[in-house]
Amino acid sequence: MSARPGTPALAAEGLGFGYPGQAVGRGLDLAIEAETVTMLLGPNGCGKTTLFRTLLGLLSPQAGRVLLRGRPLDQLPRRDVARDLAYVPQAAEGTFPFPVLDVVVMGRAPHLGLFESPGARDRARAEAALDAVGLADLAGRPFTAISGGQRQLVLVARALAQEAPILVMDEPTANLDYGNQFRVLERARGLASAGRTVVVSSHNPDHAFRFADRAVLMRGGAVAAAGAPAQVLDAAALSAAYGIPIGLRDVDLGGGRVGRVCVPGVGPA
Amino acid sequence: MRPGAPATASWVLLGLAGLAALFCLAATVGQYPLSLGDVVGALWRGVNGTAADGDTAATVMLGIRLPRLAAALLVGLALAASGATYQTVFRNPLVAPDILGVSAGAGLGAVVAIFLSLPVVAIQGMAFVFGLAAVAVVYAMARLVRGAHDPVLVLVLAGVVIGAVMGAGISVLTYLADPYDQLPAITFWLMGSLAGVTVTDLQAAWPPVVLGLVPLFLLRWRVNLMALGEDEARALGVDTGRLRVLLVVCATLMTSAVVAISGTVGWVGLIIPHMARFLVGPEFSRLLPATLLIGAAYVLAVDTLARGLAGIEIPIGILNAFIGAPLFLWILARARRSWR
């Protein structure tokens, strides 16, 4: 996977995306830098999930193209894409009660031949991935019987077992309680620090201030603003995006660090 | 694999031993009673070719009972394995050859062939073509109305609709059939029975079943990925379109091959995968051997009851419904978790 330095890990050029007969966005340009956390924000229906499906190659672009390390995504074999790009969907319950470890082992699929079953090495990697998200003791539990937060972390572990350098996480915090939201995003942050590239969407701007290197604010299928969270997400832009007054406040995190938080329903400071 | 779960090889061997024992027991039942010793002895003489003329036990065992028992095993394992495959591929524990309209479609194809007085191979071919057409139409219907409704419900309802249309087609042919020759054949066949199975039937049925099983066995781990759903499976590098078609064709091939010789034997494709999942979990590398073993044992046992329960032969389809329906309710109540 050699690429020229400075080539974005994942990029969209003049991307038109949507479903047959229904354009969701057009002319979208986006560059995801390697080893960063990029967070997509935007109101419901702005096209985040559709954009993600297009970036993952699950939905064909209506115009423009998606580039994976500078190479057009639609010209790469599915298996090669899967070795480079992992998808962490919103955790659904699943149809069948697969043991958690079996779910994580499925992340090894792009590394196995068509007729191959995972071996001891794959199982060891899956165990290590499960351990990395702190759920090693759930290995034998049915995926259908664990909590939503645990399921989300199991899917993160599956992406780790996939060993893809780029992770695309679609609203991983959507159905999680306060503590699990933090745990999942903290894990995503840690992955970027360890050399992976994370693209994640969220409905909470505070998540961007806290965990992201870059924020992308979307409106109506287009990028309204992109850049460092503190620059892009000002009170005016957030208020316009969500249609409510939003104020920003800086809080003392201790040790001389300052964090920024959103306060909905109040004006600028 | 679950930690602490026994290795697949060990319970498969155990299951095979159990199945062999059941096979010998089942062979003792029938119009001409044989002892367990007679059965084993006749089988042994058959294997090493020392069965002499006038050896009644060997004649009954090898000429009459063996084809019938072999047919029961084949029908059971094929229907159960195709049921497990449909359930995993369509991510729906409620689907089965009968519910997807495959059985009815294969039934119509077979009845058309019987109506035209075609040979067994043609009955199978017609059953396969009609069965595949039925499942394709059901799946296409479910996709067309997807999004507006619960996809599981749509798939099941589409299967019911197609099953009804195929059933109407069967009724038309039954109405038109020659009442002295074809009608009894069609009626008996529709009730599902292994009574008329001949060695020729068996020879026509086992190759397509094996042909369907080999890809399932080779792809056994990859089949699991289909249970994740379209997006997740593709994001893991799976060519879902091709894999789905291949698996459905394999399952339909197996179903129609046995439907052509046994008639419509319901319930097996639905309940056996549930029982197997209950015992060994949903992982397909384990689920496949378990469904094969349990399916074969189940139909063998039910067919033996059909032969031995009363003085006359009870069609297996009828007995099967009486046994299968309550069994299904019991599974439904016990293993509710595997339903979600």
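The values are calculated or read from the model by the stated rules, or taken from the named source; none is laboratory data. The structure displayed is predicted, hence computed values, not measured ones. With ideal geometry, Cβ positions are generated from the backbone for all residues, glycine too; neighbour counts draw on all protein chains shown. We work out accessible area using only protein heavy atoms, side chains counted, and drop any ligands, DNA or RNA first. Shrake-Rupley method; radii C 1.70, N 1.55, O 1.52, S 1.80 Å.
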- Task: Report the net charge of residues surrounding residue B:58, where surrounding means a beta-carbon distance below 10 angstrom and charges are Lys +1, Arg +1, Asp -1, Glu -1.
- Result: -2
- Query: Can you list the residues, at least 5 places off or on another chain, whose amide H is less than 5 Å from the amide H of residue A:64, using H built in the peptide plane?
  - Reply: A:16
- Task: For chain A, calculate the relative contact order in percent as a whole number, restricting contacts to Cα pairs under 8 Å that are 6 or more residues apart.
- Result: 23 percent
- Task: Please report the relative contact order for chain B, taking Cα pairs under 8 Å with a sequence separation of at least 6, and give it as a percent rounded to a whole number.
- Result: 28 percent
- Message: Give me the residues in region B:273-294 whose solvent-accessible area, probe 1.4 Å, is reduced by at least 20 Å² once all protein chains are included instead of the chain isolated.
- Response: B:277, B:282, B:283
- Net dipole in debye of the protein assembly as shown [+1 Lys, Arg Cβ; -1 Asp, Glu Cβ; about Cα centre; nearest 20]: 1000 debye
- Note on the structure: Once the dipole of region B:73-339 is set up from charges on Cβ (+1 Lys and Arg, -1 Asp and Glu), the residue from the list B:315, B:259, B:160 lying farthest towards its positive end is B:160
- Please state the equivalent ellipsoid semi-axes for region B:73-339: what are the square roots of 5 times the Cα gyration tensor eigenvalues, largest first, in whole Å? 29, 21, 17
- Note on the structure: Among B:225, B:297, B:274, the residue whose Cα sits farthest towards the positive end of the charge dipole of region B:180-322 (+1 at Cβ of Lys and Arg, -1 at Cβ of Asp and Glu, taken about the Cα centre) is B:225
- Label model pair residue B:278, residue B:214: point-to-point distance (7 angstrom along the Cα→beta-carbon line) in nm is 3.5 nm
- Message: Apply the Karplus curve 6.51 cos²θ - 1.76 cosθ + 1.60, θ = phi - 60°, to the phi angles in region B:105-113 and return the couplings in whole Hz, x for Gly and Pro.
- Response: x, 4, x, 4, x, 5, 5, 4, 5
- Task: Could you list the chymotrypsin sites (Phe, Trp or Tyr not before Pro) in region A:114-211 that lie in coil according to DSSP, counting only those with at most 15 other Cβ atoms within 10 Å of their Cβ?
- Result: A:115
- Task: Starting from the amide H of residue A:224, placed 1.01 Å from N in the peptide plane, find each other amide H under 5 Å away whose residue is 5 or more places distant or on another chain.
- Result: A:217, A:218, A:219
- Item | Rg to Rh, two decimals, where chain A supplies the alpha carbon set and Rh follows Kirkwood | 0.97
- Answer in debye to the nearest 20: the dipole magnitude of chain A about its Cα centre, from +1 Lys/Arg and -1 Asp/Glu charges placed on Cβ, is 320 debye
- Item | Two-site FRET efficiency, residue B:53 against residue B:203, from Cβ-Cβ distance with R₀ of 22 Å, rounded to 0.05 | 0.35
- Item | Selection from A:200, A:153, A:212 lying farthest towards where the dipole of region A:150-269 points positive, charges on Cβ | A:153
- Nearest-20 debye value, chain B charge dipole, Cβ charges on Lys, Arg, Asp, Glu: 1140 debye
- Query: Taking only DSSP H segments of four or more residues, each worth -39500 (n - 2.57), what value at 222 nm results for the protein assembly as shown once the sum is divided by all its residues, to the nearest 500 deg cm²/dmol?
  - Reply: -17500 deg cm²/dmol
